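Peer 1: Let me begin by handing over the structure; questions about it come next.
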Amino acid sequence: MPSLSARDRFVEYVSKAIDAKRLIKLTLGGPTGKQEHLQNVFVRPVALQEGPRLKFVYRSATQDVTKNVTSEEGVARVAALLETDFRNGHLFATDENITLEQRETRSPLLKVERATVVRPPPVAPAHDRVKHRPIEPKAAPWLHSLGVTDAQGAVCKGMEAKFRQINKFVEILQGLVADAGLAVPGADGRARALRLVDMGCGKGYLTFAAYDWLRGHGWPAADVLGLEARPDLVVLTARVAAEHGLAGLRFRHGTIADTDVGTPDVLVALHACDTATDDAIARGVKAGAALIVVAPCCHKELRAQLKSPPGMAGALKHGILRERYAEFVTDALRAALLEWAGYESRVFEFVSAEHTARNLMIAAVKRRPPGDAAAGERVRELASLHGIKHQRLVEALGFELPG
Ligand SMILES: C[S@@+](CC[C@H](N)C(=O)[O-])C[C@H]1O[C@@H](n2cnc3c(N)ncnc32)[C@H](O)[C@@H]1O
């Protein structure tokens, strides 16, 4: 019988530690790059109502995606991840630590260290964890004025998803601001004023959250502007900012296409309707913003012109598939156009799909001068494959589509 490989033996150790309830945690690292942006996977046992599960946290530069799975599925996932996505594994069990290193030029290393003191097995249920959130409800009284928390600072019933979305947004923003090279205040504690504009800011939940986080994390002079087409919302948000003495947080009435917002470092537009997302991206690109973050909403523009690519006509006769396909093509075009304009763009799920269907985010970090030829070619291919002659961002950026 052939002997087991180092990887198979490591997976066997993992399986045994899980079965014997000895697993404390497991970390997979050394990404192979096959899954873009995936940096680590962390695995812990958790006690859920439906029974013991393994909690997998898939960490990338912009987000953590969590999945709770059974032991059996968990072991299969670990085996698959070590086969394709990660070179290294570290297993921490109550009585041993096991390290796997799959080295490129040398044979793989499997190291087994017996613990000198046996550690207690972890039993904490998932919901008993101490949460470290960027925005703490009791420390952010503006949340109460916006109706997210009650007078005691507890999250109001029905606002839990909004509160989670606010924190998730700030977590993502945190990583992106750093990635865009904007996150370092001067050694004397003073930073130049970082300018962030939130376009189509609505009731301002995310504008206040961005301001709160920036001001508390090294950007004492952060200048945050919320732009909104509905005057009633501008009155409300400006009043709340004034009541809480939030200097440097401003709200302004106007439309994205027609309002000059200067030269922001960070441009945000979350769930701005249809082509308002394109207007916002175009504003960011033209202003040379270091970071552009949008979560598109209701993609209507391309639906009428979309031509079915070869072999797709049957699938796209169904209204819902056609609608989703139009969303896909619109956002793929936006991501490619941003690349063409000199940005590195990423498309990912912002919050879990169970909270909102509008959960796609496009984040773009300025890296190069505009005019990337390969990205331009991708835009042209996408457009000609789908018969697209007009698209708002294409036109706003002055990109030429084949006639
Ligand atoms: C769905 S809400 C999202 C609010 C906020 N960004 C969020 O994600 O919580 C969209 C907001 O964008 C505003 N809006 C839509 N199109 C706009 C435009 N062209 N210019 C300015 N605001 C716009 C709407 O009035 C609305 O308040």
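The values are calculated or read from the model by the stated rules, or taken from the named source; none is laboratory data. Not measured: the values here are computed from a predicted model. FYI the Cβ positions are ideal-geometry reconstructions off the backbone, even for glycines, and counts take in every protein chain you see.
Peer 1: How many residues are without any contact (Cβ under 8 Å) to a residue 40 or more places away in the chain and of a type in the set (A, V, I, L, M) if we restrict to the range 1-10?
Peer 2: Total meeting the criteria: 2.
Here's the yes/no breakdown for (1) farther than 27 Å from H390 by Cα; (2) of a type in the set (V, I, T); (3) in contact with an Asp or Glu (Cβ under 6 Å, 6 or more places away or on another chain):
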site	(1), (2), (3)
H217	yes, no, no
V240	yes, yes, no
F251	yes, no, no
D258	no, no, no
A276	no, no, no
G288	no, no, no
L291	no, no, no
V294	no, yes, no
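Peer 1: Taking E113 as the residue in question, decide whether it is surrounded by fewer than 16 Cβ atoms within 10 Å (Cβ to Cβ), in contact (Cβ under 8 Å) with a residue 12 or more places away in the chain and under 29 Å from E349 (Cβ atoms).
Peer 2: For E113, the condition - surrounded by fewer than 16 Cβ atoms within 10 Å (Cβ to Cβ), in contact (Cβ under 8 Å) with a residue 12 or more places away in the chain and under 29 Å from E349 (Cβ atoms) - is not met.
Peer 1: Any residue at all in the range 215-225 that is within 10 Å of the ligand (Cβ to nearest atom) and buried (at least 17 other Cβ atoms within 10 Å of the Cβ)?
Peer 2: No, every residue in the range 215-225 fails to be within 10 Å of the ligand (Cβ to nearest atom) and buried (at least 17 other Cβ atoms within 10 Å of the Cβ).
Peer 1: Could you count how many residues in the range 286-311 are among the hydrophobic types (A, V, I, L, M, F, W, C) and modelled with pLDDT of 90 or more?
Peer 2: Going through the range 286-311 one residue at a time, the tally reaches 8.
Peer 1: When the range 230-258 is examined, which residues are found to be buried (at least 17 other Cβ atoms within 10 Å of the Cβ), over 26 Å from the mean Cα position of the chain (by Cα) and within 10 Å of the ligand (Cβ to nearest atom)?
Peer 2: L233, V234
Peer 1: T66: under 19 Å from R103 (Cβ atoms) and of a type outside the set (K, R), yes or no?
Peer 2: So T66 does not fit the description; no.
Peer 1: G311: assigned by TED's automatic domain parsing to the domain that holds V347 and part of a loop (DSSP other than H, G, I, E, B), yes or no?
Peer 2: Against the criterion (assigned by TED's automatic domain parsing to the domain that holds V347 and part of a loop (DSSP other than H, G, I, E, B)), G311 qualifies.
Peer 1: Where residues in the range 191-213 are at positive phi and surrounded by 23 or more Cβ atoms within 10 Å (Cβ to Cβ), which of them is nearest to the ligand (Cβ to nearest atom)?
Peer 2: Among those residues, the one meeting the criterion is G200.
Peer 1: Filter the range 279-311 down to residues that are under 15 Å from L321 (Cα atoms) and either of a type in the set (D, E, K, R) or within 11 Å of the ligand (Cβ to nearest atom) (or both), then give me how many there are.
Peer 2: Matching residues across the range 279-311 total 4.
Peer 1: Scan the range 307-327 and give yes if some residue there is under 19 Å from the mean Cα position of the chain (by Cα) and either charged (D, E, K, R) or buried (at least 19 other Cβ atoms within 10 Å of the Cβ) (or both), otherwise no.
Peer 2: yes
Peer 1: Return the residues of the range 19-67 that are aliphatic (A, V, I, L, M) and loosely packed, with under 15 Cβ neighbours inside 10 Å; say none if nothing qualifies.
Peer 2: Residues satisfying the conditions are A20, L48, V57, V65.
Peer 1: Is there any pair linking a residue in the range 198-212 that is in the same structural domain as R283 (by TED's automatic domain parsing) to one that is within 6 Å of the ligand (Cβ to nearest atom) and among the basic types (K, R), with Cβ under 9 Å and at least six apart or on different chains, and which?
Peer 2: G202/R230
Peer 1: Also: I'd like the residue in the range 261-278 that is under 21 Å from Q174 (Cα atoms) and assigned to a strand (DSSP E or B) and, out of all such residues, is farthest from the ligand (Cβ to nearest atom).
Peer 2: V266
Peer 1: Is it true that G216 is in contact with a helix residue (DSSP H, G or I) (Cβ under 7 Å, 6 or more places away or on another chain) and on the phi < 0 side of the Ramachandran plot?
Peer 2: The answer is no for G216.
Condition check ((1) part of a helix (DSSP H, G or I); (2) touching a residue at least 60 places away in the same chain (Cβ under 8 Å); (3) under 29 Å from R133 (Cα atoms); (4) not assigned by TED's automatic domain parsing to the domain that holds S107) across all residues:
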{"residue": "E12", "(1), (2), (3), (4)": "yes, no, no, no"}
{"residue": "G29", "(1), (2), (3), (4)": "no, yes, yes, no"}
{"residue": "F42", "(1), (2), (3), (4)": "no, no, yes, no"}
{"residue": "E73", "(1), (2), (3), (4)": "yes, no, no, no"}
{"residue": "R77", "(1), (2), (3), (4)": "yes, no, yes, no"}
